[in-house]
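The values are calculated or read from the model by the stated rules, or taken from the named source; none is laboratory data. Note that the structure is a prediction, hence the values are computed from the model and not measured. Here the Cβ positions follow ideal geometry from the backbone for every residue, glycine too, while neighbour counts run over all protein chains shown.
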Amino acid sequence: MIPGVSSRRRFSDLSEQEILALAISSEEDDARIYRSYAEMLRTDFPDSAAVFDGMAEEEDGHRKSLIELHKARFGDVIPLIRREHVAGFYARRPVWLIENLGIERIRAEAEAMERDAEAFYLKAAQRTSDADTRKLLGTLAAAEAGHQDRAGELQDEHLDEEARDAEERTAKRQFVLTWVQPGLAGLMDGSVSTLAPIFATAFATQDTWTTFLVGLAASVGAGISMGFTEAASDDGELSGRGSPMKRGFASGIMTTVGGLGHALPYLIPDFWTATIIAIIVVFVELWAIAWIQNKYMETPFFRAAFQVVLGGALVFAAGVLIGSG
């Protein structure tokens, strides 16, 4: 123990029985995490869910072997010791932090879980002078390395090329529906709808600070409106578009960003310098929208460019004409 610093045990202070108990609880936790991943993926990614089911079974098998070893060496009573009780022991991220990050991120997290466990046991084995403890830690490291090999076998078994392609298409579709589509709608609204009030104010007052304030208000107001509208319009249950909160944030933030892009140049005191830079920013924004439509929405690039640039030009012209009048 380290008085006044931490209530956690140092690994070097653990007995062989406690190390074995720690390994048992860790295997149990990892099996529970893999089952949670499987349940999260079962609806949209059944083949990957089967992989995690198999990995959970592997963890259960290792845990049972470790329990049998503990019974043989120390008896039936297993000390209660978990990862959080040991200083410096590798930690697992909460499942709720991973579940929203996509299937590839979940797969990567599972691989990292096995690598972390193997690396920890290998380093711990190098630091102990007790032969039995070194043997035990080496056995645990080999078991974790075996988990990685078994994970690859399970992926080969359940995830053939066709299944992986199908899951990648599903993941891409979910990403587009949840993030890209509402974000693109917000970016278009913020970039185009704020053109008229910003440039009307600019040419009417030729006051850069007033123009910036109007642009800031228009951008933030539009962002809040678009965010709430997106979140309230569809709960995602029937449409499969994902969490309304995620879509609301994507739409609201991108709307604000789209408007602020050509409002920020008016922080420059010189009117014409600020206006020229703002026009350049508008040009870049509109072509970026066309590129996103082409890449993620599969809209032909020139058609997307014509629609977006023409619409933006008309709104821009309306703002300039109203402001100049």
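What the table below lists for this structure:
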| read-out | value |
| --- | --- |
| Cross-chain or 6+ apart pairs with Cβ under 9 Å, segment 176-190 first and farther than 20 Å from residue 316 by Cβ and among the hydrophobic types (A, V, I, L, M, F, W, C), then crowded, with 19+ Cβ neighbours inside 10 Å and at pLDDT below 80 | 177/241; 177/242; 179/242 |
| Residue satisfying condition, being touching a His at 6+ places or on another chain (Cβ under 8 Å), assigned by TED's automatic domain parsing to the domain that holds residue 244 and part of a helix (DSSP H, G or I), within set 225, 191, 219 | 191 |
| Matching option when the condition is hydrophobic (A, V, I, L, M, F, W, C) and either closer than 28 Å to residue 298 by Cα or surrounded by 22 or more Cβ atoms within 10 Å (Cβ to Cβ) (or both), among 216, 177 | 177 |
| Residue 210 at pLDDT 85 or above and either buried (at least 21 other Cβ atoms within 10 Å of the Cβ) or under 23 Å from residue 307 (Cβ atoms) (or both) | no |
| Candidates 32, 82 - the one that is in contact with a Ser or Thr (Cβ under 8 Å, 6 or more places away or on another chain) and modelled with pLDDT of 85 or more | 82 |
